[in-house]
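Written out below as C-alpha cells is the structure these notes cover.
Nothing in this text is a laboratory measurement; each read-out follows from the coordinates by a stated rule. Quick caveat: nothing in here was measured; it's all calculated off a predicted structure. No Cβ is skipped: glycine too gets one built from the backbone with ideal geometry, and neighbour counts run over all protein chains shown.
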Amino acid sequence: MDQMIGRRRFLTLAGAAVVSGKCRATTAVRESSPVDGAPWRMRLATSSIHFMELPIENHGSALLDSTDSFKAFVDVNSSPRLGIALAPYHLQAAEVSVPDVIRICGRQLLFFYAWQNQPDSSQLPGVGPTDMTPWIRALAEVKYRGYVNPFMHGHPGTNVMTANLATAKGYLKSCYAKACETAGA
C-alpha cells in the first residue's frame with residue numbers, strides 16, 4: 001500500500017502518466033521543460049526512489065526530432081533513469097531513418113511505439129505499408145529490453161481495432177522471425 005501511495009505521489013510531482021510493464025514501470029514524459037532544469041532533477045531523484053524510468057518522447061519540431069538531436073541527447077544524458085520513448089511516426093514525417101535512430105539511442109531506448117506515418121488504421125504495423133523488419137532488427141542489435149507497442153491515433157471502432165491489433169501482433173512476430181533469420185545468416 002505504501003508503494004502505491006508513493007507512486008501516486010510521484011505521478012503528481014512528475015505530472016506524467018505511468019505505463020506498467022511486467023517487470024518494470026515506465027513513466028512517459030512530454031518534453032515540455034529543459035532536461036537540465038530543477039523539475040527534471042526532482043523527477044529523476046524521485047524516479048530512483050520508486051524504481052521508475054522517464055522516457056522522453058520525440059515529436060516533430062521539438063527536442064528530439066533529428067538524428068543530431070538524438071546523438072546530442074545520448075551524449076549528454078548520464079542518468080540510467082532518463083531515456084527515450086521512440087515514436088517512428090514522427091521520424092518518418094521528417095524522413096529520418098528509424099533504424100539509425102534506434103542504433104543511436106542504444107540502451108537509452110526505454111519505450112518503442114510500433115507506429116507508422118500513415119492515415120487512420122494504416123498507422124498500425126502490418127495494416128499500413130511500412131516494412132518494420134529493419135526496425136525490429138535494429139531493436140535486436142541494441143538489445144532493446146522493453147515492449148514493442150503497436151500504436152495509433154484515432155478510434156476505428158472495437159471490431160476494426162481488435163482485428164487490426166491481431167494483424168499487428170502477427171505482423172510484428174513475422175518481422176521478428178525475419179530479423180532473426182538475417183541475423184543468423
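Observations on the structure shown:
- Among residues of the stretch 121-130 being in contact (Cβ under 8 Å) with a residue 24 or more places away in the chain and under 19 Å from residue 96 (Cβ atoms), the one that is farthest from the chain's Cα centre (by Cα) is 130.
- Residue ID - nearest to residue 101 (Cα to Cα), chosen from residues in the stretch 141-185 that are surrounded by 15 or more Cβ atoms within 10 Å (Cβ to Cβ) and among the aliphatic types (A, V, I, L, M): 142
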